[in-house]
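The values are calculated or read from the model by the stated rules, or taken from the named source; none is laboratory data. In this text the structure is predicted, and so the values were computed from the model without any measurement. Every residue, glycine as well, gets a Cβ built from its backbone with ideal geometry; the counts of neighbours run over all protein chains shown.
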Amino acid sequence: MSADTCDVLIVGGGPAGSTCARTLRRAGLEVLIMDKSVFPRDKVCAGWITPQVVQELDLDVEDYRQSRVLQPINSFITGMGEQANAAVSYDKIVSYGIRRCEFDHYLLERSGARLRLGEAWKSMERQGDRWLVNGEISAPLVIGAGGHFCPVARFLGAHLGKEERAISAQEIEFELNESQAAQCSVTGERPELYFCDDLKGYGWCFRKGNYLNVGLGREGNHRLAEHVQTFARSLAAQGRIPADLPGKFKGHAYLLYAHGNRPVIADGVMIIGDAAGLAYTQSGEGIRPAIESGLLAAANVLAVNRDYRRERLSHYEAALQSRFGERGEAPALAMLPSKLRLGLARALMQTQWFARNVVLDRWFLHAQLPALSS
């Protein structure tokens, strides 16, 4: 049987893979996306994008919201523990709530790539200057975009699992019935963010139209379920969310940029998105870094004129560092002694200035960082 050939094989159909594929397709390359899931599929994520992401994706907001959830956000509540400390409002839309099952499917469909869905990556072997994947797909370039547990990242030597300092999170997203909506004081235009008392993570409540997303992420997974349940019970007792959350919380993991050290290039191989460990260090947001890594990778691919040797792909690695900074850089607060850090954090979190200018504008919205051009 002859191999299925393409110019670029992308393993993973999330935002990173779809964004990269769309750019390459528009330049005339034959791109194939394979993914172990069949789309639309659920993805554990708080689910929000900034206007910079809208710009980077060249997203037609009016077209998108015709049949999908796109919740404008112009304010936030922030706090520590489960106590609200500050309410911050803006005179413009600073973010949008989205549902990942809709968002990812939309990006995948418009990518223009050929699709092999419901097919997992199993093997990869070198054949001259090409890769043979699963014994039947041949491509000179393979791009791993399969999320935190991406098999292509593992193939390049990423130590997935306990050897990495990952963030573990659990969340639930569901459509509110009439009774649940009456019990929920969280509004769509004003999500709520609550930092853990030890500063090792935060919980969130995002309402998107008639859907509610509640979750919590922390460094490591020790007693994570206990933290999540305590968080949810406390918010329910305050009347912020319904007490009868349907179903179970779903878990996932991701690697913060400061903690990541995964290989991202090899001869004929690139790693993008969560597979490369790019989530913003302060907020854990992965969508914007994923999309930007897809754009940066595509730019490098188009610049090397089909010469995919490692040294030619190194410009992508340099571009990541230029965009996101040095790996291992920590926020200034992290350098203080633990007791002083916690005390200072509690005091700062109660101020409007810190909540707006640091927590939101710098850590979560990255308002100071202009969009990449697609």
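Some values worked out for this structure:
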item	result
When residues of the stretch 103-139 are limited to those that are outside any strand (DSSP E or B) and touching a Phe, Trp or Tyr at 6+ places or on another chain (Cβ under 6 Å), the one surrounded by the most Cβ atoms within 10 Å (Cβ to Cβ)	Leu108
Filter result (farther than 23 Å from Arg306 by Cβ and assigned to a loop (DSSP other than H, G, I, E, B)) within the stretch 258-295	Gly260, Asn261, Arg262, Gly277, Leu278, Tyr280, Thr281, Gln282, Ser283, Gly284, Glu285, Gly286
Selection status of Glu125, without any contact (Cβ under 8 Å) to a residue 12 or more places away in the chain and among the acidic types (Asp, Glu)	yes
Filtered residues of the stretch 227-257 (kept if touching an Asp or Glu at 6+ places or on another chain (Cβ under 7 Å) and assigned to a strand (DSSP E or B))	Lys250, Tyr254
Test: Glu311 is assigned by TED's automatic domain parsing to the domain that holds Leu9 and in contact with a Leu (Cβ under 6 Å, 6 or more places away or on another chain)	no
Any hit, the stretch 231-238, residues being crowded, with 22+ Cβ neighbours inside 10 Å and free of Cβ contacts under 8 Å to residues at least 40 places away in the same chain	yes
Filter result (β-branched (Val, Ile, Thr) and farther than 15 Å from Phe249 by Cα) within the stretch 171-215	Val186, Thr187
